[in-house]
Amino acid sequence: MAPPAPETSPPVEVAICVATFRRPDGLAALLESLGALELADEVRVRLCVVDNDAEGSARPVVDAARARLPFAVDYLCEPERNISLARNRGVAHALERGAAFVAFVDDDETARPGWLRELLRAQARFAADAVAGSVRPRLDPGAPAWAGRSGLFAQDQPTAGTPLPTAATSNALVSRRLLESVPGPFDPDFGRSGSGDSLFFTRGVRRGARVVAAPGAVVDEGIAPARARAGWVLRRAFRVGNGAVWVERALDRDERRLGWRALAGTLRLAGSAAVLPAAALLGRAAVVRALWGVCYGAGCLAALAGYRYSEYEVLDR
């Protein structure tokens, strides 16, 4: 009599969700990198590309890549220009198809071969509800030298397993449980201003979710020439600070830390302004870093006064 066949676990269903808006070259490069992912036999992947362009400009890129990718590929369109609605459409589709985890990556990034493997490994090792990887900048050869020296484009994570207060959908793996615990899950009110992903993760953490770092899960972000400029960097700093306060304001009253956020923004502005004279002696990279703190703090204070900066109203691609 033959021995019974060993029991096998069902595959882990993972959906990779990409929200895209008129970045055909970036999207094509991302899809090519996803085709080279190192996937374990027990992992089954589905790709969900959500086009936030009502004209469907991303469809030809997805159709061209579909035959070359080793997993199912779904093209969706969210006609209303709102990044939160685009993310929500992708999440809803992924969960309907049975995904246990949703991985997020942006359309101006490329994934390294071990990216998804490292996210899943960290999730299992630390029993995390969500895992955030590192984003490494890939500057244009013609970018000014200060842009690389400033360190402002890198998003490196701390030691693996370190608990995080928030995360971003530029590189993250999120469990079905966490996605289903937050209605939406991304707030459409943040669809033009940005920071909707920060709100989602912050709300989850303050309700007890475990979000941890996975520095070995790396994606590379292409920095367009228009972004390697001091003006763009400082506008982004203002938006990040502004969004951080609006995130606090959107949380339930017992979850807010608005006073702490206001104090942190004020101290950041004052401290950064104080070091500007010394930074001027160290070169442009140091000056832009100091000004980043000034603009971040100014964004916080502007939000406290009721001003909301909508970054996605203007295309800077």
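The values are calculated or read from the model by the stated rules, or taken from the named source; none is laboratory data. If you're wondering where the values come from, they're calculated on a predicted model, not measured in any experiment. Don't worry about glycine lacking a Cβ; one is built from the backbone with ideal geometry, like all the others, and counts go over all protein chains shown. Accessible surface is based on the protein model in full, side chains and every heavy atom, while ligands, DNA and RNA are left aside. Shrake-Rupley method; radii C 1.70, N 1.55, O 1.52, S 1.80 Å.
Odds and ends about this structure:
- The stretch 44-118 and the stretch 251-315 have their alpha-carbon centroids 33 Å apart.
- Calculated FRET value between residue 249 and residue 182, using beta carbons and R₀ = 22 Å, to 0.05: 0.85
- The heavy atoms of residue 181 offer some 60 square angstrom of accessible surface to a 1.4 angstrom probe.
- Each Lys and Arg adds +1 at its Cβ and each Asp and Glu adds -1 at its Cβ; summed about the Cα centre, the stretch 176-317 shows a dipole of about 240 debye.
- Most mobile listed residue (178, 30, 282) in the chain, GNM with C-alpha springs under 10 Å: 282
- The charge dipole of the stretch 90-185, taken about its Cα centre with unit charges on the Cβ of Lys, Arg, Asp and Glu (plus for the first two, minus for the last two), comes to roughly 360 debye.
- Rounded to the nearest 20, the size of the Cβ-charge dipole of the stretch 4-139 about its Cα centre is 220 debye, with Lys and Arg at +1 and Asp and Glu at -1.
- Per-residue ellipticity at 222 nm from helix content only, as computed over the chain with -39500 (n - 2.57) for each DSSP H run of at least four residues, stands at -13500 deg cm²/dmol.
- GNM flexibility winner over the chain from 107, 187, 74 (Cα, springs under 10 Å): 74
- Rounded, prolate or oblate (a/c below 1.5 giving rounded, otherwise prolate when a/b exceeds b/c) for the stretch 171-271 by Cα gyration tensor: oblate
- Rounded if a/c under 1.5, otherwise prolate or oblate - the stretch 1-147, Cα gyration tensor axes: prolate
- Taking every alpha-carbon pair under 8 Å whose residues sit at least 6 apart, the chain reaches a relative contact order of 18 percent.
- Put a dot 7 Å past the Cα of residue 9, heading toward its Cβ, do the same for residue 81, and the two dots end up 4.5 nm apart.
- Here's the picture: charge each Lys and Arg Cβ at +1 and each Asp and Glu Cβ at -1 in the chain, and of 71, 184, 287 the one pushed furthest to the positive end of that dipole is 287.
- Charge dipole (the chain, unit charges on Cβ, about Cα centre) - positive-most of 200, 276, 211: 276
- Degrees separating the helix 115-126 axis from the principal Cα axis of the chain, which is the longest one: 90
- Based on the convex hull around the alpha carbon atoms, the chain presents an average projected area of 18.5 nm².
- Estimated distance in nm for a label pair at residue 59 and residue 154, the labels positioned 7 Å out from Cα along Cα-to-Cβ: 4.3
- Here r is the Cβ-Cβ distance between residue 267 and residue 125 and R0 is 45 Å; the resulting FRET efficiency, rounded to 0.05, is 0.80.
- Taking label positions 7 Å along the Cα-Cβ direction at both residue 275 and residue 96, the computed distance is 4.9 nm, reported to one decimal.
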